[in-house]
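The values are calculated or read from the model by the stated rules, or taken from the named source; none is laboratory data. Just so we're clear, the structure is a prediction, and the values are computed from it rather than from any experiment. Because the Cβ atoms are built from the backbone with ideal geometry, glycine has one as well, and the counts that use them run over all protein chains shown. Just so you know, the surface numbers come from the protein's heavy atoms only, side chains and all, with ligands and any DNA or RNA stripped out. Shrake-Rupley method; radii C 1.70, N 1.55, O 1.52, S 1.80 Å.
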Amino acid sequence: MKETLLNLLACPDCRGEIRLAQTSDTQETEIIEGLLSCAKCENEYKIERGVPCFAELEKIEEDKVETAENFGWQWNKFTQEDKKYEEQYLGWLQPVRPEFFSDKIVLEGGCGKGRHTLLAHKWGAKEIVGIDLSSAVESAFEATKHLPNAHIIQADIFSLPLKREFDYAFSIGVLHHTPDPKRAFQSLASKVKKDGHISAWIYGKENNGWITSFVDPVRTGFTSKISQPALYQLSKIPTFGVFLASKLIYRPINKASKPIASKLFYNNYLNHLGTFGWREQHNIVFDHLVAPTAFYISKEEFETWWEEIGASDVKITWHNQNSWCGFGKTSK
Ligand SMILES: [Zn+2]
């Protein structure tokens, strides 16, 4: 943890100032082991292996911790860097472009192993704070500690240890895996200054009836309960089907004839998947099977999220005809 992060921290319990109480190991500008304390309620928070931890995992509901840990394993296992990653990220953030990040204080709700954190830095963010509940924060810290403006925190999105100091907050593929996606979104938005901006990408309800009817029972009843190494192996079977279909059917037909392709089942998404290699597809299939909690949210429902935070200039985009990207300005 860099000491400059203190300017952005606030006690998640009482909003008091967070002070550095003790450091027992530092490496250059990083505090590796130490203790933070709240000036008001005197709560203490540890800094361990470079990451300040505000999440008391034993007090957090079991399903949240389970979700975090299942994803944490995945983020540490799938470490490949896909060249398409930047393009994919911009697809989720649309209409945001890289230059939008310039000189902004940015918050990422659910940073995983810090891939987006790195991009936010690359695109010129003034400060970037990534929070995550899972142990993936350790990978995220390792990936970003050399950057003077990147900060990683282990925290619960429902109880953020932050001041309302952010120009922009975003959350990609995380809110729908929390027990209450709308409340998680509101919590994130509460840290953005007036006239700041927020982006969110979530699973859509539209077009995903087959997932909620056929894949979800398998996920909730079986695949999210087995060990991650077992699921890693087992998920190669459906990945094999998706890989062959996307490479041998969807990509060629989409290249040959758009009108015919448009009649194929789940065409936009499977054609999009066909642009990825095996590792990335395996990661995506695994991702769909590992989470104990997943919500599929309709456009109508998503619109109410933005209304309730009083956002203006809201732009909601249908992504690959199976998910929603939202972007808006915080007006309150
Ligand atoms: Zn406090």
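Total residues in region 102-129 satisfying the condition of being open to solvent by 40 Å² or more (accessible area, probe 1.4 Å) and polar (S, T, N, Q): the figure is 1.
Let's see how each residue does on (1) surrounded by fewer than 19 Cβ atoms within 10 Å (Cβ to Cβ); (2) assigned to a helix (DSSP H, G or I); (3) touching a residue at least 24 places away in the same chain (Cβ under 8 Å):
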{"position": "P259", "(1), (2), (3)": "yes, yes, no"}
{"position": "H282", "(1), (2), (3)": "no, yes, yes"}
{"position": "F295", "(1), (2), (3)": "yes, no, yes"}
{"position": "E301", "(1), (2), (3)": "yes, yes, yes"}
{"position": "T304", "(1), (2), (3)": "yes, yes, yes"}
{"position": "V314", "(1), (2), (3)": "yes, no, no"}
{"position": "Q321", "(1), (2), (3)": "yes, no, yes"}
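Taken together, the residues in region 27-47 that are of a type in the set (D, E, K, R) and within 14 Å of the ligand (Cβ to nearest atom) amount to 3. Consider region 144-165. How many of its residues are in contact (Cβ under 8 Å) with a residue 40 or more places away in the chain and closer than 19 Å to N70 by Cβ? Of the residues in region 144-165, 4 are in contact (Cβ under 8 Å) with a residue 40 or more places away in the chain and closer than 19 Å to N70 by Cβ.
The set of residues from region 172-191 being touching a Phe, Trp or Tyr at 6+ places or on another chain (Cβ under 7 Å) and under 23 Å from V51 (Cβ atoms) comprises I172, G173, L175, A184, S187, K191. Within the set L289, L231, L264, the sole residue that is in contact with a Phe, Trp or Tyr (Cβ under 9 Å, 6 or more places away or on another chain), assigned to a loop (DSSP other than H, G, I, E, B) and aliphatic (A, V, I, L, M) turns out to be L264.
Taken together, the residues in region 1-19 that are away from the ligand (no atom under 15 Å from the Cβ) and in a strand (DSSP E or B) amount to 1.
Within region 179-222, being charged (D, E, K, R), touching a Lys or Arg at 6+ places or on another chain (Cβ under 7 Å) and surrounded by fewer than 20 Cβ atoms within 10 Å (Cβ to Cβ) holds for K193, K194, D195, E206. Residues in region 129-143 that are small (G, A, S), in contact (Cβ under 8 Å) with a residue 24 or more places away in the chain and not in a loop (DSSP other than H, G, I, E, B): S139, A140, A143. Going by the conditions given, is L270 in the same structural domain as T239 (by TED's automatic domain parsing), open to solvent by less than 50 Å² (accessible area, probe 1.4 Å) and not in a helix (DSSP H, G or I)? When the stated conditions are applied, L270 does not pass them. For N322, the stated conditions do not hold, so it cannot be described as at pLDDT below 95, touching a helix residue (DSSP H, G or I) at 6+ places or on another chain (Cβ under 8 Å) and farther than 30 Å from I198 by Cβ. Output the residues belonging to region 144-162 that are open to solvent by less than 30 Å² (accessible area, probe 1.4 Å) and either modelled with pLDDT under 95 or assigned to a loop (DSSP other than H, G, I, E, B) (or both). Once the filter is applied, which keeps residues that are open to solvent by less than 30 Å² (accessible area, probe 1.4 Å) and either modelled with pLDDT under 95 or assigned to a loop (DSSP other than H, G, I, E, B) (or both), region 144-162 yields T144, L147, N149, A155, D156, I157, L160, P161.
Answer yes or no as to whether T239 is touching a residue at least 24 places away in the same chain (Cβ under 8 Å), over 24 Å from E301 (Cα atoms) and in a helix (DSSP H, G or I). The answer is yes for T239.
Which count do you get for residues in region 1-22 that are open to solvent by less than 70 Å² (accessible area, probe 1.4 Å) and either over 21 Å from L107 (Cα atoms) or charged (D, E, K, R) (or both)? Of the residues in region 1-22, 3 are open to solvent by less than 70 Å² (accessible area, probe 1.4 Å) and either over 21 Å from L107 (Cα atoms) or charged (D, E, K, R) (or both).
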